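**Student:** What follows is a single structure, and I will ask about it in a moment.
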Amino acid sequence: PDGDQDAATKGYVDGAVDGALADVTPGYIGAAASTGGGAEKVAAGSATTGTVTLDCSAASVFTLSPTGNITLSPSNVPASGTACTISVIITMPATLYTVSMPSGAIWLGSTPTFVASKTAVITMLTVDGGTTWICSAAIQP
C-alpha cells in the first residue's frame, strides 16, 4: 500500500490508544520480512552447523537442515516497541544435534525435546529489540 491512501482505504485498529484510531500499514510485520497479505519471505539459515544467523531484514521464516550442533542468532532485529516474529523450520537428520537458543529466550511451556529424523517448528517473538524472545515449538510426532 502506498502512503497516499485516504482514511477510507487505510487499515485502522480501533481502541489502540485511549480509544483513538491508530494507523496500521496492512501486511507490515517489521523490517523487510513481510510481502503483505499474510505472505512472508522464506530463507535458508546462514549455516548448517555452529552459529546460524537469522536476518530479520531478509525474511521471517527460516529453514534449516543441521549437519552439526547449532545456535540460533537473530540479527537486524527491529528496535524495542516493534514486534518481530521469526519461525524456524528445522528438519533434523538421522543424527540428533543440539539446538541452542539466543540469550533471553523463554519458553511457553517446557523446553522442547528435538527428535532425530523429524521436523520441528520454533516460533520466536520479541517486542524489546531482541532482549527477550518468547518461544514456542511444535515437533512432528
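The values are calculated or read from the model by the stated rules, or taken from the named source; none is laboratory data. As the structure is a prediction and not an experimental result, all values here were calculated from the model. Methodologically, a virtual Cβ is constructed for each residue, glycine included, from the backbone with ideal geometry; neighbour enumeration extends over all protein chains shown. The protein model used for the area step is the full one, side chains on, heavy atoms only, and it has no ligands, DNA or RNA in it. Shrake-Rupley method; radii C 1.70, N 1.55, O 1.52, S 1.80 Å.
**Student:** Would you check which residues across region 50-77 are assigned to a strand (DSSP E or B) and of a type in the set (A, V, I, L, M, F, W, C) and list them?
**Tutor:** 52, 54, 61, 62, 64, 70, 72
**Student:** Oh, and also: In region 104-141, how many residues are small (Gly, Ala, Ser), open to solvent by 50 Å² or more (accessible area, probe 1.4 Å) and modelled with pLDDT of 95 or more?
**Tutor:** 2
So that you can scan it fast, the table gives a plain yes or no per residue for (1) under 14 Å from residue 88 (Cβ atoms); (2) without any contact (Cβ under 8 Å) to a residue 40 or more places away in the chain:
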| site | (1), (2) |
| --- | --- |
| 120 | yes, yes |
| 127 | no, no |
| 132 | no, yes |
| 136 | yes, yes |
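**Student:** Hey, can you tell me all the residues within region 89-103 that are open to solvent by 40 Å² or more (accessible area, probe 1.4 Å) and farther than 18 Å from residue 126 by Cβ?
**Tutor:** Answer for region 89-103, where residues must be open to solvent by 40 Å² or more (accessible area, probe 1.4 Å) and farther than 18 Å from residue 126 by Cβ: 89, 91, 93, 94, 95, 96, 97, 98.
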